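To start, the structure itself, in C-alpha coordinates.
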Amino acid sequence: MEKNEGLLVRRIREGVVIDHIPAGRALYVLKLLGITGREGYRIALVMNVESRKLGKKDIVKIEGRFLKPEEYNKIALIAPTATVNIVKDYHVVKKDKVVLPEVIEGIIVCPNPTCISRKPGEPIASKFKRLSDKPLRLQCMYCGAIVEEEDILKSIVEGSL
Ligand code: CTP
Ligand code: ZN
(Lines give C-alpha, C1' and ligand atoms only; values in the text may rest on other atoms or scores of the structure.)
(Ligands and ions follow the chains in the order given, each with its own letter.)
Protein backbone atom coordinates (compact mmCIF):
# COMPACT_ATOMS: atom_id res chain seq x y z
CA MET A 1 0.00 0.00 0.00
CA GLU A 2 1.27 3.43 -0.81
CA LYS A 3 2.16 5.56 2.16
CA ASN A 4 0.15 8.67 1.43
CA GLU A 5 -3.02 6.80 0.81
CA GLY A 6 -2.62 4.85 4.04
CA LEU A 7 -2.78 8.06 5.94
CA LEU A 8 -6.10 8.94 4.37
CA VAL A 9 -8.30 5.84 4.23
CA ARG A 10 -8.20 2.40 5.68
CA ARG A 11 -8.48 -0.90 3.85
CA ILE A 12 -11.94 -2.20 3.04
CA ARG A 13 -13.45 -5.53 4.05
CA GLU A 14 -15.31 -6.44 0.87
CA GLY A 15 -15.85 -4.62 -2.37
CA VAL A 16 -13.93 -3.01 -5.16
CA VAL A 17 -10.91 -0.74 -5.21
CA ILE A 18 -10.36 1.08 -8.49
CA ASP A 19 -6.75 2.15 -8.32
CA HIS A 20 -4.36 4.05 -10.64
CA ILE A 21 -7.05 6.37 -11.96
CA PRO A 22 -5.49 9.41 -13.67
CA ALA A 23 -5.42 12.24 -11.14
CA GLY A 24 -8.61 14.28 -11.06
CA ARG A 25 -10.87 11.66 -12.67
CA ALA A 26 -12.24 9.82 -9.64
CA LEU A 27 -15.51 11.73 -9.77
CA TYR A 28 -15.98 10.80 -13.42
CA VAL A 29 -15.52 7.15 -12.49
CA LEU A 30 -18.27 7.39 -9.87
CA LYS A 31 -20.53 9.23 -12.28
CA LEU A 32 -19.97 6.60 -14.93
CA LEU A 33 -20.87 3.84 -12.48
CA GLY A 34 -24.09 5.70 -11.73
CA ILE A 35 -23.11 6.22 -8.12
CA THR A 36 -24.51 9.35 -6.53
CA GLY A 37 -23.69 8.61 -2.91
CA ARG A 38 -27.36 8.16 -2.05
CA GLU A 39 -27.25 4.39 -2.60
CA GLY A 40 -25.81 3.87 0.84
CA TYR A 41 -22.49 2.27 -0.12
CA ARG A 42 -19.52 3.25 1.98
CA ILE A 43 -17.26 4.97 -0.48
CA ALA A 44 -13.79 6.43 -0.19
CA LEU A 45 -12.40 8.81 -2.77
CA VAL A 46 -8.72 9.48 -2.73
CA MET A 47 -7.57 12.15 -5.11
CA ASN A 48 -4.19 13.47 -6.20
CA VAL A 49 -2.02 11.16 -4.15
CA GLU A 50 1.51 10.21 -5.19
CA SER A 51 1.92 7.21 -7.43
CA ARG A 52 5.16 5.65 -8.56
CA LYS A 53 3.77 4.85 -12.01
CA LEU A 54 1.60 7.88 -12.71
CA GLY A 55 3.09 10.72 -10.70
CA LYS A 56 -0.31 11.44 -9.20
CA LYS A 57 -3.38 9.27 -9.14
CA ASP A 58 -6.90 8.89 -7.78
CA ILE A 59 -8.45 5.86 -6.07
CA VAL A 60 -12.09 4.90 -5.59
CA LYS A 61 -13.08 2.33 -2.97
CA ILE A 62 -16.62 1.02 -2.81
CA GLU A 63 -17.58 -1.30 -0.02
CA GLY A 64 -20.24 -3.91 -0.85
CA ARG A 65 -20.28 -3.36 -4.60
CA PHE A 66 -18.55 -5.19 -7.46
CA LEU A 67 -18.34 -4.29 -11.14
CA LYS A 68 -20.28 -5.69 -14.08
CA PRO A 69 -18.15 -6.71 -17.11
CA GLU A 70 -19.39 -3.75 -19.18
CA GLU A 71 -18.37 -1.39 -16.40
CA TYR A 72 -14.73 -2.38 -16.90
CA ASN A 73 -14.96 -1.10 -20.50
CA LYS A 74 -16.63 2.10 -19.43
CA ILE A 75 -13.92 2.80 -16.90
CA ALA A 76 -11.28 2.15 -19.57
CA LEU A 77 -12.65 5.09 -21.56
CA ILE A 78 -11.77 7.64 -18.93
CA ALA A 79 -9.21 5.80 -16.83
CA PRO A 80 -7.21 3.52 -19.18
CA THR A 81 -4.50 3.06 -16.54
CA ALA A 82 -6.92 1.82 -13.87
CA THR A 83 -6.51 -1.41 -11.95
CA VAL A 84 -9.63 -3.01 -10.52
CA ASN A 85 -9.02 -4.88 -7.26
CA ILE A 86 -11.67 -7.21 -5.91
CA VAL A 87 -11.42 -7.38 -2.15
CA LYS A 88 -12.86 -10.17 -0.02
CA ASP A 89 -12.28 -10.59 3.66
CA TYR A 90 -9.72 -7.76 3.55
CA HIS A 91 -7.62 -9.47 0.84
CA VAL A 92 -7.22 -8.58 -2.81
CA VAL A 93 -8.50 -11.77 -4.47
CA LYS A 94 -8.45 -10.47 -8.05
CA LYS A 95 -6.59 -7.70 -9.80
CA ASP A 96 -7.51 -6.72 -13.36
CA LYS A 97 -6.38 -4.01 -15.71
CA VAL A 98 -9.26 -2.37 -17.52
CA VAL A 99 -9.33 -2.93 -21.29
CA LEU A 100 -10.56 -0.51 -23.87
CA PRO A 101 -12.35 -2.47 -26.59
CA GLU A 102 -11.85 -1.75 -30.34
CA VAL A 103 -15.54 -1.00 -30.66
CA ILE A 104 -17.40 0.94 -28.00
CA GLU A 105 -21.14 0.49 -28.01
CA GLY A 106 -23.87 2.50 -26.36
CA ILE A 107 -21.84 4.56 -23.91
CA ILE A 108 -21.15 7.77 -25.80
CA VAL A 109 -23.69 9.87 -27.65
CA CYS A 110 -22.69 10.77 -31.24
CA PRO A 111 -22.07 14.54 -31.58
CA ASN A 112 -23.83 14.60 -34.96
CA PRO A 113 -27.49 15.46 -34.35
CA THR A 114 -28.56 13.82 -37.63
CA CYS A 115 -26.72 10.55 -36.90
CA ILE A 116 -29.02 7.51 -37.11
CA SER A 117 -27.96 6.53 -33.59
CA ARG A 118 -29.70 9.67 -32.35
CA LYS A 119 -33.00 9.32 -34.21
CA PRO A 120 -35.85 9.24 -31.70
CA GLY A 121 -37.79 6.01 -31.95
CA GLU A 122 -34.87 4.34 -33.73
CA PRO A 123 -33.39 1.97 -31.17
CA ILE A 124 -29.88 1.98 -32.56
CA ALA A 125 -27.11 2.05 -29.98
CA SER A 126 -24.19 4.32 -30.72
CA LYS A 127 -21.11 2.52 -32.01
CA PHE A 128 -17.62 3.95 -32.11
CA LYS A 129 -14.36 2.61 -33.48
CA ARG A 130 -11.12 3.45 -31.69
CA LEU A 131 -8.80 5.55 -33.86
CA SER A 132 -6.13 6.25 -31.27
CA ASP A 133 -5.38 5.67 -27.60
CA LYS A 134 -3.32 8.62 -26.47
CA PRO A 135 -5.07 10.95 -26.74
CA LEU A 136 -8.22 8.94 -27.12
CA ARG A 137 -10.04 9.48 -30.44
CA LEU A 138 -13.10 7.59 -31.55
CA GLN A 139 -15.09 7.56 -34.77
CA CYS A 140 -18.82 6.95 -35.11
CA MET A 141 -19.32 3.82 -37.22
CA TYR A 142 -22.60 5.16 -38.59
CA CYS A 143 -21.83 8.72 -39.67
CA GLY A 144 -18.04 9.05 -39.36
CA ALA A 145 -18.14 11.82 -36.74
CA ILE A 146 -14.98 11.98 -34.67
CA VAL A 147 -14.91 12.50 -30.92
CA GLU A 148 -11.86 13.58 -28.96
CA GLU A 149 -10.91 12.67 -25.41
CA GLU A 150 -12.26 15.91 -23.98
CA ASP A 151 -15.66 15.37 -25.62
CA ILE A 152 -15.74 11.84 -24.24
CA LEU A 153 -15.24 13.06 -20.69
CA LYS A 154 -17.91 15.67 -21.22
CA SER A 155 -20.29 13.14 -22.71
CA ILE A 156 -19.90 10.89 -19.69
CA VAL A 157 -20.45 13.74 -17.25
CA GLU A 158 -23.35 15.39 -19.04
CA GLY A 159 -24.85 12.40 -20.80
CA SER A 160 -24.62 14.08 -24.21
CA LEU A 161 -22.25 16.06 -26.39
N1 CTP B 1 -7.04 -2.24 -0.62
C2 CTP B 1 -8.06 -1.86 0.25
N3 CTP B 1 -8.56 -2.76 1.14
C4 CTP B 1 -8.06 -4.00 1.24
C5 CTP B 1 -7.03 -4.41 0.36
C6 CTP B 1 -6.53 -3.51 -0.56
O7 CTP B 1 -8.52 -0.73 0.19
N8 CTP B 1 -8.58 -4.83 2.14
C9 CTP B 1 -6.52 -1.28 -1.60
C10 CTP B 1 -5.09 -0.86 -1.35
O11 CTP B 1 -5.09 0.24 -0.47
C12 CTP B 1 -4.64 -0.45 -2.74
C13 CTP B 1 -5.41 -1.41 -3.64
O14 CTP B 1 -6.51 -1.89 -2.86
O15 CTP B 1 -5.03 0.88 -3.06
C16 CTP B 1 -4.58 -2.56 -4.14
O17 CTP B 1 -4.05 -3.25 -3.04
P18 CTP B 1 -2.69 -4.07 -3.15
O19 CTP B 1 -2.75 -4.99 -4.31
O20 CTP B 1 -2.40 -4.64 -1.81
O21 CTP B 1 -1.66 -2.86 -3.38
P22 CTP B 1 -0.45 -2.72 -4.40
O23 CTP B 1 0.38 -3.94 -4.36
O24 CTP B 1 0.21 -1.40 -4.09
O25 CTP B 1 -1.22 -2.63 -5.78
P26 CTP B 1 -0.61 -2.35 -7.25
O27 CTP B 1 0.49 -3.34 -7.48
O28 CTP B 1 -1.81 -2.59 -8.13
O29 CTP B 1 -0.18 -0.92 -7.26
ZN1 ZN C 1 -22.80 9.26 -35.62
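The values are calculated or read from the model by the stated rules, or taken from the named source; none is laboratory data. This one's a predicted model, so the numbers in the text were calculated from it and none came from an experiment. When we count neighbours, we look across all protein chains shown, and the Cβ atoms used for this are built from the backbone with ideal geometry, even at glycine. Ligands, DNA and RNA are stripped out before the accessible areas are found, and what is left, the full protein with its side chains, is counted by its heavy atoms. Shrake-Rupley method; radii C 1.70, N 1.55, O 1.52, S 1.80 Å.
Using the per-residue mean of other Cβ atoms lying within 10 Å as a proxy for protection, in what order, highest first, do the peptides 103-115, 20-32 fall?
Working: 103-115: 16.6, 20-32: 19.1.
By packing density, highest mean first, the sequence is 20-32, 103-115.
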Original post:
To the nearest 10 degrees, how steeply does helix 149-158 sit against the main Cα axis of the chain, on a 0 to 90 scale?
Top reply: 80
Subject >> Straight-distance crosslink candidates among lysines, where the alpha carbon sits under 27 Å from Lys88 and sequence neighbours closer than 8 are dropped >> reply: Lys3, Lys31, Lys53, Lys56, Lys57, Lys61, Lys68, Lys74, Lys97
**OP:** Would you kindly give the portion of the calculated P(r) for the range 16-66 that falls above 13 Å, as a percent of all Cα pairs?
**Re:** 53
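Taking every eigenvalue of the Cα gyration tensor of the chain, multiplying by 5 and rooting it, what semi-axes result, largest first, whole Å?
Values: eigenvalues 193, 54, 35 Å².
Listed largest to smallest, the semi-axes of the chain are 31, 16, 13 Å.
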**OP:** Give me the percent of the accessible area of the chain that comes from carbon and sulfur atoms, probe 1.4 Å, all protein chains in place.
**Re:** 51
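Please compute the per residue accessible area over the chain with all protein chains in place, 1.4 Å probe, rounded to a whole number of Å².
Values: 9190 Å² over 161 residues.
Per-residue value: 57 Å².
Suppose the chain between Glu150 and Glu14 were pulled fully straight at 0.36 nm per residue; how much longer would it get relative to their current alpha carbon spacing? Display every interim value, and only then the final one.
Details: separation 136, 0.36 × 136 = 48.96 nm, distance 3.36 nm.
Additional length available on full extension: 45.6 nm.
Sorting check: for 88-98, 46-56, which peptide has the highest mean count of neighbouring beta carbons within 10 Å, and how do the rest follow? If you can, show how the numbers build up before the last one.
Details: 88-98: 11.8, 46-56: 13.8.
Answer by packing, highest mean first, reads 46-56, 88-98.
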